[in-house]
Amino acid sequence: MSLLRIKEYSLAINGTEILHDVDIAVDAGQIVAITGESGSGKSMTALSIMGLLPRGSVNRGQIMLDGVSLLDASEAELCDMRGNAVGMIFQEPMTALNPVMTIGDQVAETILMHEKISRHDARARAVKLIERVGLKLAPTRYPHELSGGQRQRVVIAMAIAVRPKLLIADEPTTALDVTTQARILELLKGLVDEFDMGLLMITHDLAVVAGMADKIVVMQNGRIVEAAPTQTLLRDMQHPYTKALFKASGHKVTLPARADAPHLLYAKGVTRDYPLPRSGLFGARPSFRALNNVSFHIEHGERVGLVGESGCGKSTLTRAILGLEPIQAGEITLDGDPVFTGKKPNLTVRRRMQVVFQDPYSSFNPRHRVERLITEPFHLLENPPTSAARDAAIAAALRDVGLSVSDKDKYIHEFSGGQRQRIAIARALIIEPELIIFDEAVSALDVSVRAQVLDLIADLCKSRSLAYLFISHDLSVVRTVADRVLVMQAGQIVEHGATEDIFLNPQHPYTQALIAAAPQLPEISHAS
Amino acid sequence: MIRYTFGRLSSLVISLIVASMVIFLVIEVIPGDPASFMLGINAREDTLAALRAEMGLDQPLVIRYFNWVLGMLQGDFGNSWTYKTPVAELINDRIWVSLPLAVYALLLSTLIAFPAGIYAASRRGSAGDVTIIGATQLGVALPNFWFAMILVLIFAIKLRWFSAGGFPGWDDPLLAIKSLTLPAIALALPQAAILARVMRSSLLDMLGEDFIRTARAKGLTRRQALWRHAVRNALIPVLTIIGLQFSFLLAGGIIIEQVFFLPGLGRLIFQSISARDLIVVESVVMLLVFTVIVVNFAVDLAYAAVDPRLRSRA
Amino acid sequence: MNKSFVIGAGLSVVFLLLALLSFVWTPYDIETLDIPNKLQGLSGSHLLGTDHFGRDILSMIMMGARTSIAVALLAVGIGLLLGVPLGLIAAAKHGSFLDELIMRGNDLVFAFPSLVIAILITAVFGASAINAIIAIGIFNIPVFARLTRAAALPLWERDFVLAARVCGKPPARISIEHILPNITNLMIVQGTIQFSLGILAEAALSYIGLGAQPPTASWGRMLADAQTLVSIAPHTALVPGFTILLMVLGLNLLGDGLRDWIDPKLRLIRT
């Protein structure tokens, strides 16, 4: 008998069908991964097991845990089950912990909920658990003093505190860096073995799934399209959606060849300090060095990738290149002209650069129409096009990114995430800049949409001489869109070189660690 | 924590200094010659001279300001021109009505608002929640001085449970509290309505947070999650409102004193305004503002007690 | 359309119409005294009775609505006109000395309840409706400045503002083009709430004699006159009291309704 058995389970929230005829089984000691794109119903499946569905949910079918029907259980029985028989880990470690309670107390709380034990003994066990998940921290620390990875470990400690039979992990490493991700995944695997737990893991990342799960369940629009043991599925995919998903995950583009060209962007010894709050009442104000002696260049028409983990200084570098903030030492020039010119921006330099940001939902003023949104860079021109020329420019920009001219009168909320990134690219292209900075521009997108946007970028390179700096934490993406790669760590560029050289023969230990930590998608034969 | 306290303390001092300058400016500089302003156009020259000397108007502005501040620091607020007695004595007689009234009202407001807000949030959408929302909607719209009049009409004139006004002094504390009860209720209910609404919405915000879901996943019931995790976090915005409310209760008390004929700062200040006794007005206003600033300082310290993020930062 | 919006808008419109109607017509002239008919109860000839001078209370309520609405509306105007730009500047210059100065200034004004401001002004300039407007208006400035800054700061972190900066737009232009349109809804809702608080404050100030002076009709003054008569002619106190209650209730419901309609998660300042 399976530990967890979900059978013909359907769920509707406020009349909208979310899940349809879902069947999943998890055995003790087994890792089952549910994967799929956003809106596929992965997370709702997890919340269904926990009985933590939002208001207005109506479900039918069967969820059996260890022979007990959860859908028939009372709220009191469910409370008894949560944290005790089933533990759960969530995606966002930064907000998952109570900010005004110490981590020791939060871990001890799980034990106190489910066992008759003194507060003192529960605390002592919490200390052991915090050690077991790999933290060397006093239990009296508060969540805000911990990094994201550390907080996720605390959440894991809470989830496994009373040795549940089943652990549910909902995108447990999505918000974390690759190196942290690798360690957390390792921890989870170790716990599964040690406790003989079942692990139901929900993730959109197929590389993580492939490397970890015993069984894979692929979901699309609330239905299971395919489920099989990992090796079987990787060897012999049946459903076209599964195939498309794996294909998009490992999507590669081909960039047009290019010859060496003179430098366009040139950065030398760039250093950027941010002031920190005073530590003493008097004395010098300490500062945080976000960029430390950064030097690099981008040639005309060159496609350069920049990889690094969160907090490495990527965003600071973006702002410095765009001339939005002053730097404390060094210089950044575009064709010899400094990009930062104090309070009054140098428009002749600015109009040769544009940027595409990560979050398609915050990149646009919700109160303006597309026409106004994408023509904002015209502000940089001395004589911005008017009437017919302006309309032609708008039409051309929208067409270039695969949208229709009639979209110009719409508001941004009428578009999907992928379409919004296209609009962001249209905004960047409209003044035909020579350099575009893609700041994690595809990181928030689902794999299939991401593949399309990457294709679009490759196409644009074919139709014009475009140089870009493609900043991403995702090594596989950078590998396909860059001629050359810079690796950044703690405000410094630790290694740079031609893309394939870096990936095949990394020199710096940090680069080696990054590449080793990145989950690999296995080679899949696309025989059919 | 020490740095946080010190930072708040320095901003407390700066606020007090600037506030005193503003008050000094309005009272002693804007009228031109405060002495002739106080005495009117028909004043005799020797009375004018006497008042000018009393107020030290022959000295430069800066010296006068410093003398005023230094005097206050030693408890010397100058002499009232109309009462011919030290202002400090006048205030001392009256502040023991106004301050207890404000504190009494704040206690009542909190005691009513917390349970009401928590109950409403924990049973969102229930009949109890709807009733509480409706009651707070009315409470927020209630003019407190009119409410005071209605209370007098019902409980003093019709039912004769309380006296319609006046204050017997603190010789008999029970009697004193009893005579402050109707005024305190009149002050507290509208404020309690606001506080309950803030408490409820703050709690509902917290109940939507990720860490509540985490707590529920540990096996806490909805109510346990509310009490152990949501309430303390919800207190942070609620404390802000409590701090603001104290200043409203203190100022609002001045009005309510009029309804109940209480011998507090309100009566003193209105008599002084009509008598153009600027010295008294200046001192009482400074005292009110001082109290408000000190209470806000206390609220800032309370934040740090509730929120560990404040303790470790700056 | 939600229920509180409909009820709130209905009540507010009724009082607005009463105030407007008073410019062309009131049932009686409130400047004529009619002592023989003093303190009459509610009747066909005097719908809401008469006061201690025999004046028609309905007519006085209509005239008083003018004062109340004018004072509260102008005070909101002062708050918006000065507070919003201050908040926008503070947000645009976040972390600068100017930001610090504006925020400290706000804290300072918050330490002066509007009643205390009114006392200061009255002590020097004498009581009048104008002083009530200034006192309530000054109090509104930090409310709007704080709210504007609090709403603008997260917008400044949004990528669309960064995109505008990349396009070389100066902070002032970004504030007007990108920040202001995105906080307008919030200002409308808060404005409604400050309007209702203004009505209450105006009533309180004229009740203690620091607001509109006779012969200007005002609800607070009517209550002050009624205070000694409350046991013999309760209607003289009940009618103006319920009028204030309904007007403020209407505005609050309108504000809540607008908020729920626009965005239930708007962060307002409640005082």
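The values are calculated or read from the model by the stated rules, or taken from the named source; none is laboratory data. Everything numeric in this text was worked out from a predicted model, so none of it was measured. In this analysis, Cβ positions are derived from the backbone assuming ideal geometry, glycine residues included, and neighbour counts consider all displayed protein chains. Remember, those area values only see protein heavy atoms, side chains included, never the ligands or the DNA or RNA. Shrake-Rupley method; radii C 1.70, N 1.55, O 1.52, S 1.80 Å.
Matching residues to (1) open to solvent by less than 10 Å² (accessible area, probe 1.4 Å); (2) more than 25 Å from C:T228 (Cα to Cα):
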{"position": "B:A225", "(1), (2)": "yes, yes"}
{"position": "B:H229", "(1), (2)": "yes, yes"}
{"position": "B:F248", "(1), (2)": "no, yes"}
{"position": "B:I256", "(1), (2)": "yes, no"}
{"position": "B:V259", "(1), (2)": "yes, no"}
{"position": "B:A275", "(1), (2)": "no, no"}
{"position": "B:E282", "(1), (2)": "yes, yes"}
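Taking helices (runs of 4 or more DSSP H) that fall entirely within segment A:107-199, which contain at least 1 residues that are surrounded by fewer than 17 Cβ atoms within 10 Å (Cβ to Cβ) and away from chain B (no Cβ under 14 Å)? If you could, list the steps in order and put the result at the bottom.
Details: elements: A:119-132, A:148-159, A:178-195.
Answer list for segment A:107-199: A:119-132, A:178-195.
Restrict the check to segment B:224-235 and report whether at least one residue is within 10 Å of chain A (Cβ to nearest Cβ) and without any contact (Cβ under 8 Å) to a residue 12 or more places away in the chain.
Yes, because at least one residue in segment B:224-235 is within 10 Å of chain A (Cβ to nearest Cβ) and without any contact (Cβ under 8 Å) to a residue 12 or more places away in the chain.
Among A:A33, A:A25, A:A96, A:A76, which is the only one that is of a type in the set (A, V, I, L, M), open to solvent by 50 Å² or more (accessible area, probe 1.4 Å) and closer than 19 Å to A:P164 by Cβ? Explain how you work it out, then say what you get.
Details: A:A33 fails: open to solvent by 50 Å² or more (accessible area, probe 1.4 Å); A:A25 fails: open to solvent by 50 Å² or more (accessible area, probe 1.4 Å); A:A96 fails: open to solvent by 50 Å² or more (accessible area, probe 1.4 Å).
Answer to the check: A:A76.
Looking for something within 14 Å of chain B (Cβ to nearest Cβ) and open to solvent by less than 30 Å² (accessible area, probe 1.4 Å) - is there at least one such residue anywhere in segment C:81-98?
No, the conditions are met nowhere in segment C:81-98.
If you take the residues of segment C:169-189 that are under 19 Å from C:D256 (Cβ atoms) and not aliphatic (A, V, I, L, M), which of them is modelled with the lowest pLDDT? Full working, then the answer.
In the first step, residues of segment C:169-189 are kept if they are under 19 Å from C:D256 (Cβ atoms); the result is C:183-189.
Restricting the remaining residues to those that are not aliphatic (A, V, I, L, M) gives C:184-185.
Numbers: C:T184: 92, C:N185: 89.
Looking at the filtered set, the residue picked out is C:N185.
Enumerate the pairs (first residue in segment B:189-206 and open to solvent by 30 Å² or more (accessible area, probe 1.4 Å); second residue anywhere and in a helix (DSSP H, G or I) and among the aromatic types (F, W, Y)) with beta-carbon separation below 8 Å, excluding pairs fewer than 6 apart on the same chain, so at least 6 apart or on different chains.
Once the first residue is open to solvent by 30 Å² or more (accessible area, probe 1.4 Å) and sits in segment B:189-206, its partners that are in a helix (DSSP H, G or I) and among the aromatic types (F, W, Y) give B:L189/B:F147.
Could you figure out which of (1) modelled with pLDDT of 80 or more; (2) hydroxyl-bearing (S, T, Y); (3) open to solvent by 30 Å² or more (accessible area, probe 1.4 Å) isn't true of B:S36?
With (1) modelled with pLDDT of 80 or more; (2) hydroxyl-bearing (S, T, Y); (3) open to solvent by 30 Å² or more (accessible area, probe 1.4 Å) applied to B:S36, the lone miss is (1).
Give B:A135, B:A113, B:A53 a once-over and let me know the one that is open to solvent by less than 50 Å² (accessible area, probe 1.4 Å), more than 26 Å from B:R267 (Cα to Cα), assigned to a helix (DSSP H, G or I) and among the hydrophobic types (A, V, I, L, M, F, W, C). Even if it seems obvious, please write down each step before you answer.
Numbers: B:A135 fails: open to solvent by less than 50 Å² (accessible area, probe 1.4 Å); B:A53 fails: open to solvent by less than 50 Å² (accessible area, probe 1.4 Å).
From the options B:A135, B:A113, B:A53, the qualifying one is B:A113.
Within segment B:68-81, which residues are open to solvent by less than 80 Å² (accessible area, probe 1.4 Å) and under 20 Å from B:V26 (Cα atoms)?
If we filter segment B:68-81 for residues that are open to solvent by less than 80 Å² (accessible area, probe 1.4 Å), which is where we start, we get B:68-69, B:71-72, B:75, B:77-81.
Correct list: B:W68, B:V69, B:G71, B:M72, B:F77, B:G78, B:N79, B:S80, B:W81.
Could you list all residues from segment B:86-100 that are open to solvent by 50 Å² or more (accessible area, probe 1.4 Å) and closer than 11 Å to B:P263 by Cα?
Selection gives B:D93, B:W96.
Tally time: how many residues in segment A:377-410 are within 14 Å of chain C (Cβ to nearest Cβ) and open to solvent by 70 Å² or more (accessible area, probe 1.4 Å)?
Going residue by residue through segment A:377-410, those that are within 14 Å of chain C (Cβ to nearest Cβ) are A:377-382, A:384.
Those left that are additionally open to solvent by 70 Å² or more (accessible area, probe 1.4 Å): A:382.
Residues in segment A:377-410 being within 14 Å of chain C (Cβ to nearest Cβ) and open to solvent by 70 Å² or more (accessible area, probe 1.4 Å): 1 in total.
Restricting to segment B:220-250, what's the tally of residues that are more than 20 Å from A:I103 (Cα to Cα) and among the aromatic types (F, W, Y)?
2
Might you let me know whether segment A:403-412 holds any residue that is over 23 Å from A:A244 (Cβ atoms), touching a strand residue (DSSP E or B) at 6+ places or on another chain (Cβ under 8 Å) and part of a loop (DSSP other than H, G, I, E, B)? Give the steps one after another, and end with the answer.
Residues of segment A:403-412 that are over 23 Å from A:A244 (Cβ atoms), as a first pass: A:404-412.
Now narrow it down to the ones that are touching a strand residue (DSSP E or B) at 6+ places or on another chain (Cβ under 8 Å): A:408-411.
Then drop every residue that is not part of a loop (DSSP other than H, G, I, E, B), which leaves A:410.
Checking segment A:403-412: at least one residue is over 23 Å from A:A244 (Cβ atoms), touching a strand residue (DSSP E or B) at 6+ places or on another chain (Cβ under 8 Å) and part of a loop (DSSP other than H, G, I, E, B).
Just name the residue that is nearest to C:V71 (Cα to Cα) out of those in segment C:207-238 that are at the interface with chain B (Cβ under 9 Å from one of its Cβ atoms) and of a type in the set (V, I, T). Before you say what the answer is, go through the steps one by one.
Of the residues in segment C:207-238, the ones at the interface with chain B (Cβ under 9 Å from one of its Cβ atoms) are C:207-210, C:219-220, C:223-224, C:226-227, C:230-231, C:234, C:237-238.
Next, only the ones that are of a type in the set (V, I, T) stay: C:208, C:230.
Working: C:I208: 16, C:V230: 27 Å.
Within segment C:207-238, the match that is nearest to C:V71 (Cα to Cα) is C:I208.
Return a yes/no flag: does segment A:332-343 have any residue that is within 10 Å of another protein chain (Cβ to nearest Cβ) and more than 30 Å from A:Q512 (Cα to Cα).
Let us first name the residues in segment A:332-343 that are within 10 Å of another protein chain (Cβ to nearest Cβ), namely A:343.
After this cut, where a residue has to be more than 30 Å from A:Q512 (Cα to Cα) as well, the list is A:343.
Looking for residues that are within 10 Å of another protein chain (Cβ to nearest Cβ) and more than 30 Å from A:Q512 (Cα to Cα), one finds at least one in segment A:332-343, hence yes.
Hey, does segment B:287-294 have a residue that's in a helix (DSSP H, G or I), under 22 Å from the mean Cα position of the chain (by Cα) and within 14 Å of chain A (Cβ to nearest Cβ)? Explain how you work it out, then say what you get.
Initially, segment B:287-294 is screened for residues in a helix (DSSP H, G or I), giving B:287-294.
Now restrict to residues that are under 22 Å from the mean Cα position of the chain (by Cα): B:287-294.
Those left that are additionally within 14 Å of chain A (Cβ to nearest Cβ): none.
Checked segment B:287-294: no residue is in a helix (DSSP H, G or I), under 22 Å from the mean Cα position of the chain (by Cα) and within 14 Å of chain A (Cβ to nearest Cβ).
Can you find a residue in segment A:276-294 that is of a type in the set (V, I, T), under 30 Å from A:A444 (Cβ atoms) and either open to solvent by 80 Å² or more (accessible area, probe 1.4 Å) or outside the structural domain of A:T45 (by TED's automatic domain parsing) (or both)? Can you show your working first?
Keep residues of segment A:276-294 that are of a type in the set (V, I, T), which gives A:294.
Add one more test, that the residue is under 30 Å from A:A444 (Cβ atoms), and what stays is A:294.
Retained after the next criterion (residues that are either open to solvent by 80 Å² or more (accessible area, probe 1.4 Å) or outside the structural domain of A:T45 (by TED's automatic domain parsing) (or both)): A:294.
Yes, some residue in segment A:276-294 is of a type in the set (V, I, T), under 30 Å from A:A444 (Cβ atoms) and either open to solvent by 80 Å² or more (accessible area, probe 1.4 Å) or outside the structural domain of A:T45 (by TED's automatic domain parsing) (or both).
Report whether or not A:I423 is open to solvent by less than 10 Å² (accessible area, probe 1.4 Å) and either touching a Ser or Thr at 6+ places or on another chain (Cβ under 8 Å) or over 20 Å from A:S249 (Cα atoms) (or both). Explain how you work it out, then say what you get.
Numbers: open to solvent by less than 10 Å² (accessible area, probe 1.4 Å): yes; either touching a Ser or Thr at 6+ places or on another chain (Cβ under 8 Å) or over 20 Å from A:S249 (Cα atoms) (or both): yes.
It is true that A:I423 is open to solvent by less than 10 Å² (accessible area, probe 1.4 Å) and either touching a Ser or Thr at 6+ places or on another chain (Cβ under 8 Å) or over 20 Å from A:S249 (Cα atoms) (or both).
Only one of these is more than 16 Å from A:L255 (Cα to Cα) and either in the same structural domain as A:R289 (by TED's automatic domain parsing) or charged (D, E, K, R) (or both): A:V449, A:V453, A:V485, A:V481. Name it.
On the way: A:V453 fails: more than 16 Å from A:L255 (Cα to Cα); A:V485 fails: more than 16 Å from A:L255 (Cα to Cα); A:V481 fails: more than 16 Å from A:L255 (Cα to Cα).
After ruling out the rest, the residue left standing is A:V449.
Kindly establish whether A:S472 is surrounded by 19 or more Cβ atoms within 10 Å (Cβ to Cβ), in the same structural domain as A:R289 (by TED's automatic domain parsing), among the small types (G, A, S) and in contact with an Asp or Glu (Cβ under 7 Å, 6 or more places away or on another chain). Lay out the reasoning, then the answer.
Values: surrounded by 19 or more Cβ atoms within 10 Å (Cβ to Cβ): yes; in the same structural domain as A:R289 (by TED's automatic domain parsing): yes; among the small types (G, A, S): yes; in contact with an Asp or Glu (Cβ under 7 Å, 6 or more places away or on another chain): yes.
When the stated conditions are applied, A:S472 passes them.
Could you please find all residues in segment C:142-164 being out of contact with any strand residue (DSSP E or B) (no Cβ under 9 Å at 6 or more places or on another chain), assigned to a helix (DSSP H, G or I) and either without any contact (Cβ under 8 Å) to a residue 24 or more places away in the chain or open to solvent by 30 Å² or more (accessible area, probe 1.4 Å) (or both)? Let's see the steps before the verdict.
To start, the set of residues in segment C:142-164 that are out of contact with any strand residue (DSSP E or B) (no Cβ under 9 Å at 6 or more places or on another chain) comprises C:142-158, C:160-161, C:164.
Next, only the ones that are assigned to a helix (DSSP H, G or I) stay: C:142-157, C:160-161, C:164.
Residues satisfying the conditions are C:R146, C:R149, C:A150, C:L153, C:P154, C:W156, C:E157, C:F160, C:V161, C:A164.
Could you check how many residues of segment A:339-363 are in a loop (DSSP other than H, G, I, E, B) and closer than 24 Å to A:A467 by Cα?
Applying the first criterion (in a loop (DSSP other than H, G, I, E, B)) to segment A:339-363 yields A:339-346, A:351-352, A:357-363.
From the residues that got through so far, the ones that are closer than 24 Å to A:A467 by Cα too are A:339-341, A:345-346, A:351-352, A:357-360, A:363.
Of the residues in that region, 12 qualify.
When segment C:11-36 is examined, which residues are found to be surrounded by fewer than 17 Cβ atoms within 10 Å (Cβ to Cβ) and part of a helix (DSSP H, G or I)? Walk me through how you get there before you give the answer.
The initial filter retains those residues of segment C:11-36 that are surrounded by fewer than 17 Cβ atoms within 10 Å (Cβ to Cβ), namely C:13-14, C:16-17, C:20-21, C:23-25, C:27, C:29, C:31-36.
Hits for segment C:11-36 are C:V13, C:V14, C:L16, C:L17, C:L20, C:L21, C:F23, C:V24, C:I35, C:P36.
Identify the residue in segment C:180-206 that is at the interface with another protein chain (Cβ under 9 Å from one of its Cβ atoms) and in contact with a Leu (Cβ under 6 Å, 6 or more places away or on another chain) and, among all such residues, is surrounded by the most Cβ atoms within 10 Å (Cβ to Cβ).
Of everything passing the filter in segment C:180-206, C:S196 is surrounded by the most Cβ atoms within 10 Å (Cβ to Cβ).
Can you tell me which residue among C:I134, C:I130 is open to solvent by 30 Å² or more (accessible area, probe 1.4 Å), more than 13 Å from every other protein chain (Cβ to nearest Cβ) and assigned to a helix (DSSP H, G or I)? Please lay out each step first, then the result.
Details: C:I134 fails: more than 13 Å from every other protein chain (Cβ to nearest Cβ).
Checking each option against the conditions leaves just C:I130.
Of all residues in segment B:58-98, which are within 25 Å of the chain's Cα centre (by Cα), in a helix (DSSP H, G or I) and among the charged types (D, E, K, R)?
The answer is B:E89, B:D93, B:R94.
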